[in-house]
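The values are calculated or read from the model by the stated rules, or taken from the named source; none is laboratory data. These numbers come from a predicted model, not from an experiment. Using ideal geometry, Cβ is built from the backbone for each residue, glycine included, and neighbour counts are taken over all protein chains shown. To get the accessible areas, we keep the full protein, side chains included, count just its heavy atoms, and leave off ligands, DNA and RNA. Shrake-Rupley method; radii C 1.70, N 1.55, O 1.52, S 1.80 Å.
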Amino acid sequence: QVQLAESGGGLAQAGGSLRLSCTASGSKFSTYALAWFRQFPGKEREFVAVLNYIGTIDYAETVKGRFTISRDNAKNTLYLQMNTLKPDDTAIYYCAGDWTGWGSRSASGFDVWGQGTQITVTG
C-alpha cells in the first residue's frame, strides 16, 4: 500500500506562492488517484483538487485559477502549486490517495492520507 508524506508548508504573504509536495512510498503510485484536501480549525476536511490515474483534474471553486495540481510518477510525487494566496487559504493541507484510481471530491473516498502540513497566509 502507498504511504504519503507532505512537505513544503509554511508561512506566506497574501498574494504570494507556495508549492506543496507529497512523496509516496510503496508500489503502484501511478495507479492511484491523488488529491489535496485542507482543514480549517474546527471544520471537516475540505476538497481542494484531485488528479486521477488517467489525468483528469478537478478543482474546488475557491482555488480554481490559483492552484495547480500535478504529479510526477517517475518521482512518486504529487504537487500543489499555490499562487495568489489569500489569508482564507490558511489551513492544514493533506494529500490523499484512492487505490481505485478514480478519485472524487469526498474525503471518504480516499483510503491513504499524509500527516498534513500547515499553511499560514498573512496580510
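The residues of the chain expose on average 49 square angstrom of accessible surface per residue, using a 1.4 Å probe on protein heavy atoms.
Return the distance in nm (one decimal) between the two label points of a simple spin-label model at residue 19 and residue 46, each offset 7 Å from Cα along Cα→Cβ. Label-label distance for residue 19 and residue 46, simple model: 2.5 nm. When the surface is traced with a 1.4 Å probe over the full set of protein chains, residue 111 keeps roughly 70 Å² accessible.
Rounded to the nearest whole Hz, the Karplus-based 3J(HN,Hα) values (6.51 cos²θ - 1.76 cosθ + 1.60, θ = phi - 60°) of region 4-19 follow the sequence 10, 9, 8, 8, x, x, x, 9, 9, 8, 4, x, x, 9, 9, 10, with x at glycine and proline. Please report the carbon-and-sulfur percent of the accessible area for the chain; probe 1.4 Å, protein heavy atoms only, DNA, RNA and ligands left out. Ligands and nucleic acids excluded, carbon and sulfur reach 50 percent.
Each of 75, 86 has its accessible area taken with a 1.4 Å probe; listed largest first, they run 75, 86.
If you average the alpha carbon positions of region 81-115 and of region 26-54, how far apart do those two centres end up, in angstrom? Taking the Cα centre of each part, region 81-115 and region 26-54 sit 3 Å apart. If a spin label sat at a point 7 angstrom from the Cα of residue 106 along the line to its beta carbon, no backbone N atom of region 56-71 would be nearer than 13 Å. Taking a straight Cα-Cα cut-off under 25 Å and skipping sequence neighbours fewer than 8 places away in the same chain, the lysines within cross-link reach of residue 64 are 43, 86. Each label point was placed 7 Å from the Cα along the Cα-to-Cβ direction; for residue 81 and residue 57 their separation is 0.8 nm. Taking 7 Å steps out from each Cα toward its Cβ at residue 115 and residue 64 produces label points 3.5 nm apart. Springs between Cα atoms under 10 Å define the GNM used for the chain, and in it the highest mean-square fluctuation of 77, 62, 23 occurs at 62.
Once the piece of chain linking residue 28 and residue 74 is laid out straight, how much longer is it, given 0.36 nm per residue of separation minus the C-alpha distance between them?
This chain segment gains 15.4 nm when fully extended.
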